[in-house]
1. Within 10 Å, count the other beta carbons around each residue, average over each peptide in 235-247, 317-329, 253-265, and list them highest first.
2. Which order do peptides 295-305, 144-154 fall in by mean Cβ count within 10 Å, highest first?
3. What does the convex hull of the Cα atoms come to per residue for the chain, in Å³?
4. Using Cα centres only, tell me the gap between region 317-347 and region 296-315 in whole Å.
5. Give the relative contact order (percent, whole number) for region 300-363; include only Cα pairs under 8 Å separated by 6+ residues.
6. Considering every Cα-Cα pair within region 130-197, what fraction, in whole percent, is farther apart than 14 Å?
7. Kirkwood hydrodynamic radius of region 115-169 from all distinct Cα pairs, in Å?
8. Report the label-to-label distance for residue 340 and residue 129 in nanometres (one decimal), using points 7 Å from each Cα along the Cα→Cβ vector.
Ligand code: GDP
């Protein structure tokens, strides 16, 4: 499954946030997935549609879908040169599918900052530059051999060498690969390079508890938002300390606590949702008397591929998917009425699953 890596300089609140994630994951009832890797935390993907479907179908059991975060400790200035846990850090970040960069946006004289002052933009740039350096290094390792092959008129090598040179020029001008203009074909090739600066990214601004109810009061957020907008990245505002508290609360207590804080949703829920979107993930549902359940798929997956998420046999023996859009099902009131209204479709092997599809797979065993 896809995972988002949590990165950030020391003392910005990463561990506090990751603690909140593992606590929330441990509390989730009915949670079907376990993890043995201490650096991985899985949380429920909040989705009110699952609750509504449960009320409609009244199954024995309701199972949410999960999202996986990976804690990546150890980046410091100079990581790409092997400082700190440097190379190990970069190897870990290479394995994740997206990056959540935690940025310190709270003052606290008791908690030192690695650079001696709170400057979120400076912090963001330290990390982004390390990622750029790391990508430059991998390109520099690859390019000489390609250029040699290109001299022998190897067409593929010529194309790749040209592409790498283009990326290198961007990186040398402090541009992450994600900010470089690529054609659709180039984009496909760039994906195969597994560059760190091509991964989808968002910023997590960690603000003081007291600022949550009045974000205008925070002197750092405006700059972070402005920087992220240029970067084409989203900013999720949280207070890691508050999230750690929320993560231990049951649903009704959690609602009350959020209300007191004047929040519609916890920061962690916002973060999960944004990370899910950033990775192009979506949810389909199965809804039977035994179990109503949410399943994660990647947009662009076909019905048989989605069936394969439940069980490989469902994909191998796939016949068709009886599908109704969540909205249509809700409007009809129940499955029987949705069927009568002609809203239940029979979809075949080519069907691209849509977010919110409520599905029953038919398959040969
Ligand atoms: P890490 O090094 O990035 O993992 O940072 P930690 O999560 O260990 O946090 C460093 C220190 O900052 C700890 O003492 C945290 O309790 C504190 N901290 C984290 N988030 C907040 C916050 O929202 N407000 C305040 N005042 N302190 C925080």
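What follows draws every value from the coordinates through simple rules; no lab data is involved. Since the model is a prediction, treat every value here as computed from it, not as a measurement. So basically every Cβ, Gly included, is an ideal-geometry build from the backbone, and we count neighbours across all protein chains shown.
1. Values: 235-247: 21.0, 317-329: 18.8, 253-265: 12.4.
Sorting 235-247, 317-329, 253-265 by mean packing, highest first, produces 235-247, 317-329, 253-265.
2. Working: 295-305: 17.9, 144-154: 13.1.
Packing order, densest peptide first, comes out as 295-305, 144-154.
3. 170 Å³
4. 18 Å
5. 48 percent
6. Here the long-distance tail beyond 14 Å is 55 percent of all Cα pairs in region 130-197.
7. For region 115-169, the Kirkwood estimate is 12.9 Å.
8. 6.9 nm
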